[in-house]
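Q: Below: one structure in structure tokens.
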Amino acid sequence: MDRYFTRKRKATRLPLSLNKSTSEKKSAGFFTGVSVLLAFFQRAHVAQVAFFYTKLKENGAKVYRLEDKESLARIKFEPLIVVTDNVSKVLNFIPDHCEKWEFVHKSWLEKCLSKQQVLSTKSYQLAAKDNNDHKNVAGHASASQKAIDSGRDSEDSEDDASKTTLTRLSVDEYQQRKDFASKIPVYCCQRKTLDKPCANEKLYQLFLLLEQRRLLENAMHALAYHRAAAVLRVYPYELLSVEEASWLPCFGAKCLKAVKEYLKTGNIQECVEFEQSERFQCLRLFCGIHGVGPTTACLWYDQYHLRTLQDVKSFLERKRLEGHPLAIKEYGLQYYDDLQQKISRKEALDIYHHVESAFREVDPHLSCCLVGGFRRGQEYGHDVDILGCHRVEEYGHVGKLAAILQILGKRFRYLSLEHESSSNRRYDELQVVKGGEEDDDASSEPTSLDGPDSSERFIGLIFYPGEEKRSIARRLDIVLTRKSEWTFSLISWTGSSFFERDLRRYCAKERKLRFNSHGIFEKHSKQPVQRCNSLTEEQQVFEYLQLPWLAPEERCA
């Protein structure tokens, strides 16, 4: 039996407007004289063929299917409307078709049956400008099909394509862009991302703003915009059309809709309204307080109706009197202006050299490294992250952090916001910080494994001599880790945070592993992989995970 009729779609699953009986038709036979080829390949669409076939026959159309090879051989040089979900497969099946054939999306047929008249195919076409170029037709058609499936008018139909800038590119330029887009890996841990402005900088910033809005409102799909923004960082061409954007990985229906609006107006209305809203201004102000993330900021705005820093100060004073531990937020508020000023590379290196000197005074075998954004080559940052370990003994770092801080206190005045040694917790008891009450960085995971006091960490403020003889508060994180965890901690603390997020996602989905700052573990048994202790260099970790080697400055996703 024909495969199209083996899975009949129930009428109740179709739009109500299509469930009219023949006696209810406004104009029976409105398809008379029209030849239609039904060529569906996706299973969900194949199930609808029986319904479409019956309706077209009832309304006087000549209906064909790909299985009707003899009929197609007779009519392949005649005008025909091809309703399909994959133009390239149709072209492979019938390479020498007539130039008058029109490839349209199935939504055209649904509209015709709903309105009981043959509508123009202009807004539903999947054909490219040059039907003689087989590959060009397939490429244009698949991109147009993706646009229509997302609920938009086709931007690359024959009529619209002539109006877009993309069609003005030469064949070589067009193919060069398409080839480059097709080679961009899905995960940012597989591609080089440098810290420099991209060709679509404004759109990139707008996508980050869309992500920020959804994070602040606890909405879904926030990461979808960040992933798309990360792809824009590595795409060297300015986007000229929605079709071009559809070639890129991580660009789904919502991102393509935003691209369409941006290309049409030069902005995204949702971003404009959000930036101008009181809510956004207040939430951004609150998130600038060290220790406050989106969840706390929304709570203050929505539940406690706070609007200014003075409101926050009064609120925290009341909470402190009630016995709530709010030291981090109070200090973050007290030194708000200082912490808003970015730290220069020169300043960060000076702080690092003082800390390194303190390390050597405590124990010559202690070593440290400046990590975070400054290790990735950035010129400015919000804090200074320093990672250290004992190069000889596995637990040689235990108890050394207090001595390091004592020496450092002779050079800088410092304020401890958190000074902890990890307890003896198993790997499966780890609690990962979500939503960014402090940092979204992957490296901010609580430390553990199976050894006692596996790491020590200082999170605080130091008062660095600034201009006009005034000390300025600077955020400083110092982490001491076990010797065997050094390589994994170095990768995690180098960042960027989104690079680390995608690295963990890649390990989980593609390698069935778990990666964090303590090592590489089996996904289900949560036991360290056998080669974990032998991976002493970053390059070895990348090689084990089957990833291309990326230097720290190439991880700025």
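Q: For segment 500-517, enumerate the residues that are open to solvent by 10 Å² or more (accessible area, probe 1.4 Å), assigned to a helix (DSSP H, G or I) and in contact with an Asp or Glu (Cβ under 9 Å, 6 or more places away or on another chain).
A: Arg501
Q: Restricting segment 169-190 to residues that are assigned to a helix (DSSP H, G or I) and among the hydroxyl-bearing types (Ser, Thr, Tyr), which is most open to solvent (accessible area, probe 1.4 Å)?
A: Ser182
Q: A follow-up question, please. Find the helices (runs of 4 or more DSSP H) located wholly in segment 68-117 whose residues include 1 or more that are more than 38 Å from the chain's Cα centre (by Cα) and within 16 Å of Val34 (Cβ to Cβ), and list them.
A: Ranges flagged: 69-75, 106-115.
Q: Which condition from (1) open to solvent by less than 50 Å² (accessible area, probe 1.4 Å); (2) within 20 Å of Tyr464 (Cα to Cα); (3) in contact (Cβ under 8 Å) with a residue 60 or more places away in the chain is the one that Gln341 breaks?
A: With (1) open to solvent by less than 50 Å² (accessible area, probe 1.4 Å); (2) within 20 Å of Tyr464 (Cα to Cα); (3) in contact (Cβ under 8 Å) with a residue 60 or more places away in the chain applied to Gln341, the lone miss is (1).
Q: Scan segment 343-356 residue by residue and report those that are under 31 Å from the mean Cα position of the chain (by Cα) and either assigned to a helix (DSSP H, G or I) or closer than 14 Å to Ile462 by Cα (or both).
A: The answer is Ile343, Arg345, Ala348.
Q: Let me ask you something else. Would you mind stating whether Val83 is at pLDDT below 80 and open to solvent by less than 10 Å² (accessible area, probe 1.4 Å)?
A: No.
Q: Still on this structure, please answer the following. May I ask you to verify whether Thr536 is within 21 Å of Val398 (Cβ to Cβ), in a loop (DSSP other than H, G, I, E, B) and without any contact (Cβ under 8 Å) to a residue 60 or more places away in the chain?
A: Yes.
Q: In segment 377-402, how many are at pLDDT below 95, charged (D, E, K, R) and within 20 Å of Ala551 (Cβ to Cβ)?
A: 1
Q: Could you tell me whether any residue of segment 264-282 is on the phi < 0 side of the Ramachandran plot, among the β-branched types (Val, Ile, Thr) and touching a Phe, Trp or Tyr at 6+ places or on another chain (Cβ under 6 Å)?
A: Within segment 264-282, one or more residues are on the phi < 0 side of the Ramachandran plot, among the β-branched types (Val, Ile, Thr) and touching a Phe, Trp or Tyr at 6+ places or on another chain (Cβ under 6 Å).
Q: Let me ask something else. Considering Glu261, Glu273, which residue is at pLDDT below 90 and surrounded by fewer than 18 Cβ atoms within 10 Å (Cβ to Cβ)?
A: Glu273
Q: I've got another one for you. In the set Leu256, Leu283, which member is in a helix (DSSP H, G or I), touching a Leu at 6+ places or on another chain (Cβ under 9 Å) and open to solvent by less than 10 Å² (accessible area, probe 1.4 Å)? Spell out how you get there, then give the answer.
A: Numbers: Leu256 fails: touching a Leu at 6+ places or on another chain (Cβ under 9 Å).
Criteria check complete, one pass: Leu283.
One line per residue, one yes/no per condition, for (1) more than 32 Å from the chain's Cα centre (by Cα); (2) at pLDDT 90 or above; (3) among the aliphatic types (A, V, I, L, M):
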{"position": "Leu256", "(1), (2), (3)": "no, yes, yes"}
{"position": "Gly266", "(1), (2), (3)": "no, yes, no"}
{"position": "Ser277", "(1), (2), (3)": "no, no, no"}
{"position": "Val312", "(1), (2), (3)": "yes, yes, yes"}
{"position": "Arg318", "(1), (2), (3)": "yes, no, no"}
{"position": "Glu322", "(1), (2), (3)": "yes, no, no"}
{"position": "Asp338", "(1), (2), (3)": "no, yes, no"}
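Q: For segment 203-214, indicate whether the set of residues that are open to solvent by 60 Å² or more (accessible area, probe 1.4 Å), without any contact (Cβ under 8 Å) to a residue 24 or more places away in the chain and of a type in the set (Asp, Glu) is non-empty.
A: no
The values are calculated or read from the model by the stated rules, or taken from the named source; none is laboratory data. All values reported here derive from a predicted model rather than from experimental measurement. No Cβ is skipped: glycine too gets one built from the backbone with ideal geometry, and neighbour counts run over all protein chains shown. To get the accessible areas, we keep the full protein, side chains included, count just its heavy atoms, and leave off ligands, DNA and RNA. Shrake-Rupley method; radii C 1.70, N 1.55, O 1.52, S 1.80 Å.
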